[in-house]
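The values are calculated or read from the model by the stated rules, or taken from the named source; none is laboratory data. Since the structure is predicted, the reported quantities are computational estimates derived from the model, not experimental observations. Don't worry about glycine lacking a Cβ; one is built from the backbone with ideal geometry, like all the others, and counts go over all protein chains shown.
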């Protein structure tokens, strides 16, 4: 059987296995081992254990559980509630101020946790009931939280960027910096759409004469400010060359845990158990996906599927932007069925030589991939944020949540177009602070 036919067979089998609902790590491992046995015999399994181990034999991976613990400590505390309240009291007079507060809280909380589901859950638990209570349409209340939650994988620190950096051997520090301006751009587009929609509909959540006092406006800030300082400190030591990503993540996680205990009095062992259990479960899940994706990639390479695909795309002789358009469509389709971690670890090593040969910046491409993954988080059938919002507001029909998310998907596609026209939005900050990419270590 030719490598092309083997590739088609692997693709169809992988999609079918994912559609069964099997965990990503087990699905990748099962497909990888099965095809190695089928086409190379049982002798090929001698390298399976070594390949799995090599997938985890990277010190950079230590940063993943540390950043996850950082997010778990913040997510288990009332920090999301305080952040939401603080923003609401400053933006309440703006049309759609409550939705803007939620989007702003999502953007800031994303920088604290680096997790989309955590961002969606922490802000949504407070924001969705409050927006519905004040009369906002269900579609706007749920759709804005779905979209705002996706910022968790774009605004640094981001687990998605860490995985992309490991898979493509791209500087994680540059990727983190590259996500800052696109994250702000996407947050601005979300807010712009919301502001225009609410203003056009003439909706007001507060009476015209309602006012918050200055004391009320500043009341929630002292509790949130220390967490924001930690994020800025982590970014500073990381980009200033003071510490590696693993070291910065470890210190950030330690300080977040200490602040959660000191500020919110989280002395109860049950609360600590929740943080540790959440950290362990998500870390093991991601690390297992990394290990099995390496095995899956080894299977693709040993069967010459990767090389055949790369040569076929290179021989297409199409305009590089047509090629990028096809890659985006491919990523969007994958995002509808496979979680972001699985997509990045499976596709990034294959796509990297193709996009670099076409003259695209791998750091810029990392941001493009991440925005595509954001779209996948709010599109069926595997849109994770849709399930999180459905759990928060089970009485809101899924159809309503989907329609509420559609305008924000359009904003993400607009962001992709803007990023393609002005790639400096992603590349300027890392080049300015860390020097041109060719000089990066």
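Of the conditions (1) at pLDDT below 85; (2) surrounded by fewer than 22 Cβ atoms within 10 Å (Cβ to Cβ); (3) part of a loop (DSSP other than H, G, I, E, B), residue 360 fails just one. Which one is it?
Every condition holds for residue 360 apart from (1).
Do you know which residues across segment 66-84 are part of a helix (DSSP H, G or I) and surrounded by fewer than 21 Cβ atoms within 10 Å (Cβ to Cβ)?
Filtering segment 66-84 for residues part of a helix (DSSP H, G or I) gives 66-75, 79-84.
Answer for segment 66-84, where residues must be part of a helix (DSSP H, G or I) and surrounded by fewer than 21 Cβ atoms within 10 Å (Cβ to Cβ): just 81.
Determine whether residue 107 is touching a residue at least 12 places away in the same chain (Cβ under 8 Å), assigned to a helix (DSSP H, G or I), within 29 Å of residue 408 (Cα to Cα) and under 19 Å from the mean Cα position of the chain (by Cα).
Numbers: touching a residue at least 12 places away in the same chain (Cβ under 8 Å): yes; assigned to a helix (DSSP H, G or I): yes; within 29 Å of residue 408 (Cα to Cα): yes; under 19 Å from the mean Cα position of the chain (by Cα): yes.
Spelling it out, residue 107 is indeed touching a residue at least 12 places away in the same chain (Cβ under 8 Å), assigned to a helix (DSSP H, G or I), within 29 Å of residue 408 (Cα to Cα) and under 19 Å from the mean Cα position of the chain (by Cα).
Among the residues of segment 245-278, write down those that are under 21 Å from residue 176 (Cβ atoms) and in contact (Cβ under 8 Å) with a residue 40 or more places away in the chain. Outline the logic, then answer.
Kept after step one, since they are under 21 Å from residue 176 (Cβ atoms), are these residues of segment 245-278: 245-256.
Correct list: 245, 246, 248, 249, 250, 252, 253, 256.
Please enumerate the residues belonging to segment 16-49 that are at pLDDT below 80 and assigned to a helix (DSSP H, G or I).
Correct list: 18, 19, 24, 43, 44, 45, 46, 47, 48, 49.
So how many residues does segment 188-218 have that are modelled with pLDDT of 80 or more and either surrounded by 14 or more Cβ atoms within 10 Å (Cβ to Cβ) or in a loop (DSSP other than H, G, I, E, B) (or both)?
9
Residue check: is residue 10 in a helix (DSSP H, G or I), at pLDDT 80 or above and on the phi < 0 side of the Ramachandran plot?
Working: in a helix (DSSP H, G or I): yes; at pLDDT 80 or above: yes; on the phi < 0 side of the Ramachandran plot: yes.
Spelling it out, residue 10 is indeed in a helix (DSSP H, G or I), at pLDDT 80 or above and on the phi < 0 side of the Ramachandran plot.
Looking at residue 41, is it out of contact with any helix residue (DSSP H, G or I) (no Cβ under 7 Å at 6 or more places or on another chain), loosely packed, with under 14 Cβ neighbours inside 10 Å and closer than 30 Å to residue 128 by Cα?
Values: out of contact with any helix residue (DSSP H, G or I) (no Cβ under 7 Å at 6 or more places or on another chain): yes; loosely packed, with under 14 Cβ neighbours inside 10 Å: yes; closer than 30 Å to residue 128 by Cα: no.
When the stated conditions are applied, residue 41 does not pass them.
Filter segment 88-99 down to residues that are in contact (Cβ under 8 Å) with a residue 24 or more places away in the chain and surrounded by fewer than 23 Cβ atoms within 10 Å (Cβ to Cβ) and give me whichever is farthest from the chain's Cα centre (by Cα).
Top of the filtered list is 93.
So is residue 422 closer than 24 Å to residue 162 by Cβ, at pLDDT 85 or above and over 20 Å from the mean Cα position of the chain (by Cα) or not?
Judged against the criteria, residue 422 is not a match.
Matching residues to (1) touching a helix residue (DSSP H, G or I) at 6+ places or on another chain (Cβ under 6 Å); (2) closer than 15 Å to residue 167 by Cα; (3) part of a helix (DSSP H, G or I):
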| residue | (1), (2), (3) |
| --- | --- |
| 354 | yes, yes, yes |
| 365 | yes, yes, yes |
| 370 | yes, yes, yes |
| 379 | no, no, no |
| 385 | yes, no, yes |
| 388 | yes, no, yes |
| 391 | no, no, yes |
| 394 | no, no, no |
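Pairs only if they're at least six apart or on different chains, beta carbon under 6 angstrom, first in segment 7-23 and under 16 Å from residue 347 (Cβ atoms), second at pLDDT below 80 and in a helix (DSSP H, G or I); list them, first residue then second.
Taking only residues 6 or more apart or on different chains, the pairs are 7/305.
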